[in-house]
Amino acid sequence: MELGIEKAYVLLTEKLSGWLSSAIEMLPNFVAAILILIAFYLIGWVVRRVINRTLTSITTNRAVIGLIETTAGVAILTTGIFIALGILKLDGTVTSLLAGVGVIGLALGFAFQDIAANFMSGVILSIQHPYGIDDMIECKGFYGRVHDINLRSTVIRTTQGQLVHVPNKEILNSPLTNYSWNHKRRIDISLGVSYADDHEKARRLAIEAVQNLEAVDKDQPIEFFYTEIGPSTFNGTLRFWVNFHVHVDFLAPQSEAIIAVAKVFAENDIDMPYPITTLEFGPKGGVTLDAMLLRASEKQPTELEASTQP
């Protein structure tokens with residue numbers, strides 16, 4: 001029994017002695033690994049600061065800035081960890097870690113490819129900056145004010161008040177209209193003037209009617225163009241510009257312009273008739289209903305004449 005305990009003691013002592021010798025031998029490498037980690041941590045901190053300052057001048061999306069900044073810092077620190085493990089002669093551990101990261105990354109890539117696509121689209125949109133918060137935009141049939149921009153989607157508050165989440169991938173790959181880009185918007189009003197009126201006078205009166213509106217941008221031209229001869233009217237379009245920030249900046253001047261044009265036309269006896277339908281009778285047309293009835297009555301013999309005929 002005593003011999004077994006003595007043998008175990010000797011084996012344990014030898015093992016501890018071997019570990020101590022290995023630790024003493026690895027001490028310089030261990031110190032070097034710690035210094036490597038500290039150096040890469042400082043490098044990562046500097047890189048994060050530089051990325052933060054650079055991206056702040058490009059985009060206002062704090063989520064994207066924070067994500068790119070953190071990703072860069074983690075990548076640099078991870079590189080330092082791998083180098084430190086190599087100095088400690090743990091190459092097998094490094095290989096296993098790299099293989100595991102590769103497999104996990106591949107699996108995540110297949111599982112979250114739509115999320116990744118929306119994320120990358122969000123990054124691109126943040127850098128290109130085709131629109132910002134509170135801009136009035138239209139995309140994929142949705143029109144409204146940009147309420148929020150995140151890494152997955154853009155949130156649009158429609159003019160009816162609903163919040164619509166449009167994936168960033170869809171916005172990046174679809175036509176986009178930004179009505180707030182230059183803070184100006186043109187209003188087009190369709191008008192119809194009767195055949196019998198003075199069309200030059202009607203055009204002049206329509207332009208003068210909107211010139212006095214407060215919301216009209218006087219630096220932009222006010223135009224009226226006739227576009228077609230319709231079934232009942234000469235049809236045209238009145239065009240003018242307004243300063244634009246929210247949707248009411250478009251609706252209010254449009255409403256005021258319609259009222260002003262209708263009022264000035266009424267004061268000057270300019271007629272905007274309802275659609276007129278003309279009914280013509282006869283084999284070749286061009287015959288009114290009264291004339292058609294008169295002709296029919298002339299062709300029909302009276303009852304007396306019909307009774308006296310043999």
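Worth a mention:
- Restricting attention to segment 222-266, the residues that are of a type in the set (D, E) and assigned to a helix (DSSP H, G or I) add up to 2.
- Strands (runs of 3 or more DSSP E) fully within segment 146-200 that include at least 3 residues being in contact with a strand residue (DSSP E or B) (Cβ under 7 Å, 6 or more places away or on another chain), within 30 Å of E223 (Cα to Cα) and hydrophobic (A, V, I, L, M, F, W, C): 184-194.
- If you go through segment 194-206 and keep only what is more than 11 Å from T237 (Cα to Cα), surrounded by 13 or more Cβ atoms within 10 Å (Cβ to Cβ) and either touching a Lys or Arg at 6+ places or on another chain (Cβ under 6 Å) or among the hydrophobic types (A, V, I, L, M, F, W, C) (or both), you end up with A202, L205.
- Among (1) part of a loop (DSSP other than H, G, I, E, B); (2) surrounded by 17 or more Cβ atoms within 10 Å (Cβ to Cβ) - the single one K218 does not satisfy: (2)
- Any hit, segment 131-142, residues being at pLDDT below 80 and crowded, with 18+ Cβ neighbours inside 10 Å: no
- Hey, L205 of a type outside the set (D, E), out of contact with any strand residue (DSSP E or B) (no Cβ under 6 Å at 6 or more places or on another chain), over 30 Å from H147 (Cβ atoms) and not in a loop (DSSP other than H, G, I, E, B) or not: yes
- Test: L55 is within 26 Å of H129 (Cα to Cα), part of a helix (DSSP H, G or I) and at pLDDT below 80: yes
- Contacts under 7 angstrom Cβ, first residue in segment 27-52 being among the charged types (D, E, K, R), partner in a helix (DSSP H, G or I), 6 or more apart: R48/E69; R48/A72; R48/G73
The values are calculated or read from the model by the stated rules, or taken from the named source; none is laboratory data. A quick note: this is a predicted structure, and the numbers were derived from the prediction, not measured. We place every Cβ from the backbone using ideal geometry, glycine too, and count neighbours over all the protein chains shown.
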